[in-house]
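Only one structure is covered here, and it is reproduced in the block below.
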Amino acid sequence: MCSRRTDLKALIWDVDGTLAETERDGHRVAFNAAFEAVGVPWRWTEQRYGELLRVTGGVERMLHDMATQPDAPASPQEREQLARRLHKTKNERYARIVAAGGIALRGGVRELLDECTAAGVPMAIATTTSRSNVDALLTAHLGAQWEKRFACVVCAEDAPSKKPDPLAYRIALQRLGRADQTLAIEDSPAGVQACLSAQVPVIVTRSVYFADAPTAGALAVGPGLHSAEGWHPAANGAGDLIGLAQLRRWHAACRSGA
Ligand code: XBP
Ligand code: MG
């Protein structure tokens, strides 16, 4: 997929794990609060939640877990109903956590967002998370007008077939243009797979829950945008943030087959 790439013209952001470490101290805590509020006895430990993250989508994740819970409702319809009720409560709790300042943007994210805005490089969001969660997170960090900074924002409601399905990326490309002129930033194997299926070049910023997960096919893999150290292939300028110039270098190196 590297051979016909042209200049980098647009950037596509994943949300959970990439813009911010939302899962362990955000969504997981909110799921547990929802379980308590609705009166079900389930609680997800940090470790169990890590296993469950293989299932993308909060409703899907709960339905998957219910299959292992002896006290879950018996019928599929009741389970679905309960999962949707819990999910609504979970998202409300998540929004409260985020509004209270409980989840920071990852290092280097704000700087790259600002650099792209200043340089006129269009950005999109392609995420499996609900729109209300993206709105809560980005309102908290970028203000009420955050959506104006993105050419398009594709969430779970827009792309109900969730990653690793490429639908969210395909919808973003309808707005941004050619896949080979874009670059995505992801953290999870499902996200990388979605990019590869949509022919979108991708780099991986490792997140807490996917620190050792497979990343085959990514242009570059590293610890985060906060540092030029620890990347493979290596980034220029040790100690610096990862900025547009470095993203262009990785994108171009792949284009030339280097
Ligand atoms: C991450 C997900 C989501 C979140 C929870 O998506 O898989 O399910 O864990 O959000 P991404 P919801 O990495 O693509 O941002 O409960 O709204 O699904
Ligand atoms: Mg992610």
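The values are calculated or read from the model by the stated rules, or taken from the named source; none is laboratory data. Just so you know, these numbers come straight off a predicted model, no measurement behind them. For neighbour counting, all protein chains shown are included, and Cβ atoms are generated from backbone atoms with ideal geometry for every residue, glycine included. In case anyone asks, the SASA skips ligands and DNA or RNA and just uses the protein heavy atoms, side chains included. Shrake-Rupley method; radii C 1.70, N 1.55, O 1.52, S 1.80 Å.
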When all alpha-carbon pairs of the stretch 40-170 are counted, what percent fall beyond 24 Å?
-> 39 percent
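With a ≥ b ≥ c the root eigenvalues of the C-alpha gyration tensor of the stretch 127-182, is it rounded (a/c under 1.5), prolate (a/b larger than b/c) or oblate?
It is oblate, given that a/c is not under 1.5 and a/b is not larger than b/c.
Would you mind getting the accessible area per residue of the stretch 28-183, heavy atoms of the protein chains only, 1.4 Å probe, in Å²?
It amounts to 47 Å² per residue over the stretch 28-183.
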Most to least accessible of Lys88, Lys148 (protein chains only, probe 1.4 Å) | Lys148, Lys88
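When the dipole is taken about the Cα centre of the stretch 57-172, and only Lys, Arg (+1) and Asp, Glu (-1) are charged at their Cβ, what size is it in debye, to the nearest 20?
Once rounded to the nearest 20, the dipole reads 120 debye.
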Looks like the stretch 99-258, by Cα gyration tensor root eigenvalues a ≥ b ≥ c and the a/c under 1.5 rounded cutoff (else prolate when a/b is bigger than b/c, oblate otherwise), is rounded
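Compute, for the chain, the length of the dipole vector about the Cα centre, with Cβ point charges of +1 (Lys, Arg) and -1 (Asp, Glu) only. Units Debye, rounded to 20. Each step should come with its number before you reach the end.
Values: 30 positive and 29 negative charges, 103 e Å.
With Lys and Arg at +1 and Asp and Glu at -1, about 500 debye.
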Restricting to the chain, what percent of DSSP beta bridges are antiparallel, rounded to 5?
-> 10 percent
Farthest toward positive dipole pole in the stretch 109-150 [+1 Lys/Arg, -1 Asp/Glu at C-beta], among Val109, Pro122, Ala144 | Ala144
Calculate the length of the line joining the C-alpha centroid of the stretch 156-179 to that of the stretch 85-148, in whole Å.
-> 18 Å
Carbon/sulfur accessible area of the chain, % of total, 1.4 Å probe, equals 51 percent
What value, in deg cm²/dmol to 500, does the helix sum -39500 (n - 2.57) over DSSP H runs of n ≥ 4 give at 222 nm once divided by the residues of the chain?
-> -12500 deg cm²/dmol
Per the C-alpha gyration tensor (a ≥ b ≥ c, the square roots of its eigenvalues), the stretch 196-258 is rounded if a/c is under 1.5, else prolate if a/b beats b/c, else oblate; here it's oblate
